[in-house]
Amino acid sequence: MHPDQQRAFTEFVTTRSDSLIRLAYLLTNDQHAAEDLLQTALAKTAGHWRRIRDNPEAYVRKVMYHEQVGRWRSPRWSRERLVLSPPDRATDDRTREVETRITLAQALRILPARKRAVLVLRYYEDLSESEVAKIMGCSVGTVRSQTHQAIARLRAVIGKTVTLEA
């Protein structure tokens, strides 16, 4: 990699890693798996950096999604992973907000992987339906139907109105 490209890649990793690790965690539900997923995606991105400099974050998201799909399909993934609580994070005293986030995180864990990914990309990453469709390799209509089904399932699980804003 040319020194200028190396510098640009390092700057990208430095500035976007926090956001990307959160996405990876939401896709994997496991901090260590999220770190591995992000590292794999960044390694693949580095190899193609010259071609993707226009929108590297979208490329990394797409690589992360496809890597995670591969993991979901592997036999090792089928083992159930339970966590008692989300990873420790520094927060202010916002008890109700924390309770809501924990409830939502627990509900997200029971969704099928593809539906969870649609919600994470659509509402957490704030991507448009067409961007989500491009990342997931499906039509916009599929994104809409998967989103609708996932929100309906969350409402059924949580037992109250789930309001997601795009």
- line: Highest mean packing first, using Cβ neighbours within 10 angstrom, the peptides 58-71, 99-112 sort as 58-71, 99-112
- prompt: residue 152 to residue 8: FRET efficiency via 1/(1 + (r/R0)^6), r the Cβ-Cβ distance, R0 41 Å, to the nearest 0.05?
  reply: 0.45
field: Inter-label distance for residue 144 and residue 17, nm, one decimal - labels placed 7 Å from Cα along Cα-to-Cβ
entry: 4.1 nm
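All of the numbers you see were taken from the coordinates with simple rules; none came from a lab. Treat the numbers as computed from the prediction; the structure is a model and nothing was measured. Cβ sites come from the backbone with ideal geometry, for glycine too, and all protein chains shown count toward neighbours.
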